[in-house]
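J.: This is the structure I have questions about; it appears just below.
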Amino acid sequence: MMRKLHHDDAVFDSVLELVILLNEDMEQGLGALGLTPSRAHLLWELRRRGPVAQQALAAALKITPRAVTGLVDALVASGLVTREPHPSDRRAALVTFTARGESLMVHMAHDHEAIAHALFGPMSKDELDAFAGALTDVTHRLRAHLATRG
């Protein structure tokens, strides 16, 4: 016998469906650009931080320096980033965008804005504010829950 879903179970199921749909959209979009989610995440961090050392990218992405090296190597090979000499640390290099990488990020930012507009554009300011507030609260509770799990 199937149990009846409680309201919070149904809401959680809707959130999971949203996550799945967003993930499918992201993977399709990134795949069309020849990117993996990990490489795209690095590119977004690089866009946010500007030219940056690999150590800073590793910390931002919460991965090992060795893993960042692999991601940067792949992005260098695909012509999206370069390693440039660090101006004050001869042992470090700065990861920077190539012109092709910058162009790709403009394209990705446009796609990001388009999906945001498709999802949230029809909402009134009050609806969007309420949704944003609830989403922030849920995100904080999830982070707290995950922190207790170790």
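Please treat every number below as a calculation from the coordinates, not as lab data. As the structure is a prediction and not an experimental result, all values here were calculated from the model. Backbone-built Cβ (ideal geometry, glycine too); neighbour counts: all protein chains shown.
J.: Suppose R0 equals 25 Å. What FRET efficiency, 1/(1 + (r/R0)^6) with r the Cβ-Cβ distance, do Glu84 and Ala32 give to the nearest 0.05?
T.: 0.30
J.: Suppose every K and R has +1 on its Cβ and every D and E has -1 on its Cβ; what is the size of the dipole of the stretch 16-122 about the Cα centre, in Debye to the nearest 20?
T.: I would put it at about 640 debye.
J.: Near the amide H of Leu94, under 5 Å away, which other amide H atoms are found, from residues 5 or more places off or on another chain, if H is placed in the peptide plane?
T.: Counting only residues 5 or more places away or on other chains, the set is Glu84, His86.
J.: How many percent of Cα pairs in the stretch 6-95 exceed 22 Å?
T.: For the stretch 6-95, the fraction of Cα-Cα distances above 22 Å is 40 percent.
J.: I'd like the Karplus ³J(HN,Hα) series for the stretch 58-71: coefficients 6.51, -1.76, 1.60, θ = phi - 60°, whole numbers in Hz, and an x wherever there's a Gly or Pro.
T.: For the stretch 58-71, the Karplus curve yields 4, 5, 5, 8, 6, 10, 6, x, 4, 5, 5, 4, x, 5 Hz.
J.: Applying a 10 Å radius around every beta-carbon, put 111-122, 63-74 in order of their mean neighbour count, most first.
T.: Descending mean neighbour count gives 63-74, 111-122.
J.: Now a separate question. Just to verify a number: FRET efficiency for Phe120 and Gln55, C-beta to C-beta distance, R0 = 22 Å, to 0.05?
T.: The formula returns an efficiency of 0.05 here.
J.: Placing one identical point scatterer on every Cα of the chain and ignoring solvent, what is log10 I(q)/I(0) from the Debye formula at q = 0.15, 0.18, 0.21 Å⁻¹?
T.: Taking Cα atoms of the chain as identical point scatterers yields -0.98, -1.18, -1.33.
J.: Could you give P(r) for the stretch 60-135, binned at 5 Å from zero, as whole percent values over all Cα-Cα pairs?
T.: In whole percents, the pair-distance histogram is 3, 13, 13, 15, 14, 10, 10, 10, 8, 3, 0.
J.: Separate question: Taking 0.36 nm per residue of separation and subtracting the Cα-Cα distance, what length does fully extending Leu142 through Asn23 add?
T.: Taking Leu142 through Asn23 to full extension adds about 41.0 nm, to one decimal.
J.: At a Förster distance of 41 Å, what's the computed FRET efficiency of His6 paired with Asp129, Cβ-Cβ distance as r, to 0.05?
T.: The pair His6/Asp129 has a calculated efficiency of 0.95.
J.: Label-point separation (nm) for Asp73 and Ser103, each offset 7 Å from Cα along Cα-to-Cβ?
T.: Once both label points are built, they end up 2.7 nm from each other.
J.: I've got another one for you. Using the Cα centre of the stretch 16-122 as origin and beta-carbon charges of +1 (Lys, Arg) and -1 (Asp, Glu), tell me which of Ala77, Pro87, Pro37 is placed farthest towards the positive end of the dipole.
T.: Pro87
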